[in-house]
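Okay, so here's the structure we're looking at.
The values are calculated or read from the model by the stated rules, or taken from the named source; none is laboratory data. Because the structure is a prediction, the values reported are computed rather than measured. In this analysis, Cβ positions are derived from the backbone assuming ideal geometry, glycine residues included, and neighbour counts consider all displayed protein chains.
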Amino acid sequence: MEILKMETNFKRNLFWDIHKLKMNGKLKNQERELINLYPDMEYQEIIGFGGAFTEASGYCLAQVKEAVANYIIDDYFSENGLGYSFCRVPIGSSDFSLSSYSYLKNSNIETFSIARDEQYVIPMIQKALAKNPNLKCLSSPWSPPAFAKTNKMLVLGGRLLEKYHAFYAEYLTKFVVEYQKRNIPIDYMTIQNEPNATQVWESCLYWAEEEANFAKNYLYPTFLKNGISTKILAWDHNKERLFSRAKEIYKIVGNCISGMAMHWYSGDYFEEIELTAKQYPNKLLIHTEGCTGFSHFRKEDEVQNGEIYAHDMIGDLNSGINGWIDWNLVLDNKGGPNHKRNYCNAPIMLQKDNSGYIKNLTYYYIGHFSKFIKPGAKKIGFSKFTSKIEVTAFKNVDGSIVVVLLNRNEKNQEFNLHLNGETFHDNLDGHAILTFIIK
């Protein structure tokens, strides 16, 4: 068997150091320090990996030369880049917009317009689709139009007024239709971004019963009436309440909600994903947002941020998720623009003078998953000898096996990768990540 090995190691200044190796049959009787792979044991299927087409990201792309913007798109969506295949699209404004906006200012649905998105958001998505025509999109609203809410504002929470439920379903349907007209597929939609949070930026509160009934009685029927096959997801908030929210949602709805979405901001809570996956094996689980706070690119921050990403991705994947989406694709050198000064990092950020861009270490850590675990891949069984190495393993449609190993400790760790009677010996340095592709 042939192995392709990819390593990212800050200590040795390695970023995607790639070379080919061979499994060594002479070590087949090795019994210690084993990571055993069982490709005949298959679990959930992967939709893909990606980031978010925010207005902030689109604006940043528009600030650089066309050639530079094309390089950024290539770095994300080509096979030579991260191979992104599954991305998120805000419906209207979010905190990472230049200002607050919605597609309507009054209740006349005929005045619905996505003209604002035409300037920065849609051109960015179209560039990505040109690079990867199989790209799937998931959309999320941060707030209904202000007039349809109890507080009459896009920001500071509030709730969707009951008398506007049917109207809002039409609003969301119009969004899908208008994007489809521009050859942008909206394959999935969450009902509300972070429905349990009152934010100083765009936000709206939903109880579980409200989410379920809105989907069951309004959004799903309106999609059907308009011939829309977009799958609806609930929750779209932190993992600590994922299972309890799923139980509340699914006892009310049937097939009209296809799964649950989640963020990472309250902590790991991988057990919440695992419980939900086991209780509802036919429903999707998708990580839709995660980021780290803005930092000034110190070496320690870079390594820590990369490991935060890899640790969460491994834990989520092992617990049963079907897709993993990062937050902003591109930001400026200050972690914006953000109209509420809620700045954060992104895998790619512009240089101060917009002449070029830098790739944060998170870019390379994400690549250990997105470059090699392809859409349609299935998680496989494995066992490992130590908790010091974090591991996940997948089998692609072409039969290749992908194994990702993370060491967040200072000391290196030797191991033996064992598959079908053959064993490969290697060493994982402290604070390093490795990916093996076995063919």
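Go through the stretch 371-391 and report how many residues are polar (S, T, N, Q) and touching an Asp or Glu at 6+ places or on another chain (Cβ under 9 Å).
1
Report the residue count in the stretch 187-213 for those that are in contact with a helix residue (DSSP H, G or I) (Cβ under 6 Å, 6 or more places away or on another chain) and in a helix (DSSP H, G or I).
2
Quick one: D301 ticks every box in (1) of a type in the set (D, E); (2) in contact (Cβ under 8 Å) with a residue 24 or more places away in the chain; (3) in contact with a Ser or Thr (Cβ under 6 Å, 6 or more places away or on another chain) except a single one, so which number is it?
Unmet for D301, out of (1) of a type in the set (D, E); (2) in contact (Cβ under 8 Å) with a residue 24 or more places away in the chain; (3) in contact with a Ser or Thr (Cβ under 6 Å, 6 or more places away or on another chain): (2).
Exactly one of these conditions fails for Y76: (1) surrounded by fewer than 21 Cβ atoms within 10 Å (Cβ to Cβ); (2) within 25 Å of N354 (Cα to Cα). Give me its number.
So the condition that Y76 fails would be (1).
Condition (residue is among the charged types (D, E, K, R), assigned by TED's automatic domain parsing to the domain that holds L275 and on the phi > 0 side of the Ramachandran plot) applied to the stretch 330-342: is it met by at least one residue?
Within the stretch 330-342, one or more residues are among the charged types (D, E, K, R), assigned by TED's automatic domain parsing to the domain that holds L275 and on the phi > 0 side of the Ramachandran plot.
Can you tell me which residues in the stretch 264-297 are free of Cβ contacts under 8 Å to residues at least 60 places away in the same chain and among the β-branched types (V, I, T)?
Correct list: I273, T276.
Just wondering, is there one or more residues in the stretch 146-154 that are at pLDDT 95 or above, buried (at least 21 other Cβ atoms within 10 Å of the Cβ) and not in a helix (DSSP H, G or I)?
Checked against the condition, which is being at pLDDT 95 or above, buried (at least 21 other Cβ atoms within 10 Å of the Cβ) and not in a helix (DSSP H, G or I), the stretch 146-154 yields at least one hit.
Write out, first by first residue and then by second, each pair whose Cβ atoms fall under 6 Å of each other, whose residues are 6+ apart or on separate chains, and whose first residue, in the stretch 166-182, is of a type in the set (A, V, I, L, M) while the second is buried (at least 21 other Cβ atoms within 10 Å of the Cβ) and not in a helix (DSSP H, G or I).
Hits for this filter: V176/I186; V176/T230.
Can you name every residue in the stretch 355-393 that is among the hydrophobic types (A, V, I, L, M, F, W, C), in a helix (DSSP H, G or I) and under 25 Å from H418 (Cβ atoms)?
The one that is among the hydrophobic types (A, V, I, L, M, F, W, C), in a helix (DSSP H, G or I) and under 25 Å from H418 (Cβ atoms): F369.
Pairs only if they're at least six apart or on different chains, beta carbon under 7 angstrom, first in the stretch 411-427 and over 10 Å from L34 (Cα atoms), second hydroxyl-bearing (S, T, Y); list them, first residue then second.
Sorted first by the residue in the stretch 411-427, then by its partner, the pairs are Q413/T386.
Please verify whether S102 is more than 20 Å from W327 (Cα to Cα), of a type in the set (G, A, S) and either assigned to a loop (DSSP other than H, G, I, E, B) or not assigned by TED's automatic domain parsing to the domain that holds K340 (or both), treating the condition exactly as stated.
Yes.
Against the condition in the same structural domain as D95 (by TED's automatic domain parsing), within 25 Å of F86 (Cα to Cα), over 19 Å from the mean Cα position of the chain (by Cα) and outside any helix (DSSP H, G or I), how does I184 come out, does it pass?
no
On the basis of being touching a residue at least 12 places away in the same chain (Cβ under 8 Å), surrounded by 15 or more Cβ atoms within 10 Å (Cβ to Cβ), in contact with a strand residue (DSSP E or B) (Cβ under 6 Å, 6 or more places away or on another chain) and closer than 25 Å to V200 by Cα, does S97 make the cut?
no
What is the number of the single condition among (1) assigned by TED's automatic domain parsing to the domain that holds E31; (2) more than 18 Å from E2 (Cβ to Cβ); (3) in contact (Cβ under 8 Å) with a residue 12 or more places away in the chain that Y365 does not meet?
(1)
Looking only at the stretch 146-160, count how many residues are farther than 22 Å from I114 by Cβ and in contact with a helix residue (DSSP H, G or I) (Cβ under 6 Å, 6 or more places away or on another chain).
Of the residues in that region, 1 qualify.
Condition test on S143, is it within 13 Å of E202 (Cβ to Cβ), polar (S, T, N, Q) and touching a helix residue (DSSP H, G or I) at 6+ places or on another chain (Cβ under 7 Å)?
no
Among the strands (runs of 3 or more DSSP E) confined wholly to the stretch 1-99, which include 2 or more residues that are under 30 Å from K174 (Cα atoms), assigned by TED's automatic domain parsing to the domain that holds L156 and modelled with pLDDT of 95 or more?
In the stretch 1-99, 48-52, 86-91 are the strands (runs of 3 or more DSSP E) which contain 2 or more residues that are under 30 Å from K174 (Cα atoms), assigned by TED's automatic domain parsing to the domain that holds L156 and modelled with pLDDT of 95 or more.
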